[in-house]
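The values are calculated or read from the model by the stated rules, or taken from the named source; none is laboratory data. Fair warning: this is a prediction, and the values are worked out from it, not measured in the lab. Virtual Cβ from ideal backbone geometry, glycine too; neighbours counted across all protein chains shown. The accessibility values were calculated without ligands, DNA or RNA, using every heavy atom of the protein model including side chains. Shrake-Rupley method; radii C 1.70, N 1.55, O 1.52, S 1.80 Å.
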Amino acid sequence: MTLIDFYALLNGLWLTVVMAFFAAVGAILCGSVLAVMRNYGKRGVGKVLSYMAGAYVEIFRNTPLLLWMYAACFVLPLALGIPSNYAVLGTIGLFLYTTSVMCEIIRGGLNAIPIGQFEAAHAQGFSFAFTLYYIIFPQCYRKVTPTILSQCVTTIKDTSFLAALNVAELTNVSKDILARSVSFEQIASIFATVAGLYFIVCFSLSVIVRYFSRDKSRA
């Protein structure tokens, strides 16, 4: 493997991390909204929103990720008249799918918080939104941070599906380099390098997950 090939792999890794970052951060924010909609919609419009959030989660969690990447890349440009940038559109598909997973993770954290805290906050004059922001969500995120970070590791690996759309992320770049390789040594070195790059990023996040898990157990 040449230095140029290694540089190309690093560029692919950078795109992989950027796509995973935007997909994961967006999924955490939107997943939090969906989790609130699912958990606290009891009557009227709130109940309708709860059913809508539940339908979103069930649809995306029970269909393949690659299907939504294809849908984002081929349907959105036609429907919205936007450019066919597969890296951006594929990230949108990944974000939509990951949002459904993050919603259930965060909803689990919300369910672990006693409902009496809402009543106590209401007695102190807190609105529903302020109660969520200042009291409920800080506790919720503390409980589910290890699981969220684990899902972020999965999201990084899920970007490899975009190789099917010829997006220049790490797996696809390695595929192009492998196509030019002719010897066992070259192929082995490429596989080892790609695996090593994925391992460095994902293992670093895994170490953070273990740290938060230990910190939570001490608490």
- Log entry, pairs with first residue in the range 24-53 being at negative phi, second being part of a helix (DSSP H, G or I) and among the polar types (S, T, N, Q), beta carbons closer than 6 Å, six or more apart or on different chains, reads Ala24/Thr155; Ala27/Thr98; Ala27/Thr99; Cys30/Thr99; Gly31/Thr99; Met37/Ser50; Arg38/Ser50; Gly41/Ser50
- Query: Conditions: (1) under 26 Å from the mean Cα position of the chain (by Cα); (2) surrounded by 12 or more Cβ atoms within 10 Å (Cβ to Cβ); (3) not in a loop (DSSP other than H, G, I, E, B). Ala168 meets all but one. Number of the miss?
  - Reply: (3)
- Query: Among the residues of the range 24-61 satisfying the criterion of being within 27 Å of Gly90 (Cα to Cα) and basic (Lys, Arg), which is surrounded by the most Cβ atoms within 10 Å (Cβ to Cβ)?
  - Reply: Arg38
- Item | Only listed residue being assigned to a helix (DSSP H, G or I) and surrounded by fewer than 14 Cβ atoms within 10 Å (Cβ to Cβ), chosen from Tyr7, Tyr70 | Tyr7
- Looking at the range 151-208, which of its residues are over 19 Å from Trp14 (Cα atoms) and of a type in the set (Phe, Trp, Tyr)? Phe184
- Taking the residues in the range 21-48 that are in contact with a Leu (Cβ under 8 Å, 6 or more places away or on another chain) and over 14 Å from Ile106 (Cα atoms) as candidates, determine which candidate is modelled with the lowest pLDDT. Gly41
- Query: For Val182, which of the numbered conditions (1) over 23 Å from Tyr86 (Cβ atoms); (2) under 24 Å from the mean Cα position of the chain (by Cα); (3) open to solvent by 70 Å² or more (accessible area, probe 1.4 Å) fails to hold?
  - Reply: (2)
- How do the helices (runs of 4 or more DSSP H) wholly within the range 73-164 filter down when requiring 1 or more residues that are under 24 Å from the mean Cα position of the chain (by Cα), in contact (Cβ under 8 Å) with a residue 24 or more places away in the chain and surrounded by fewer than 19 Cβ atoms within 10 Å (Cβ to Cβ): which remain? 86-111, 137-158
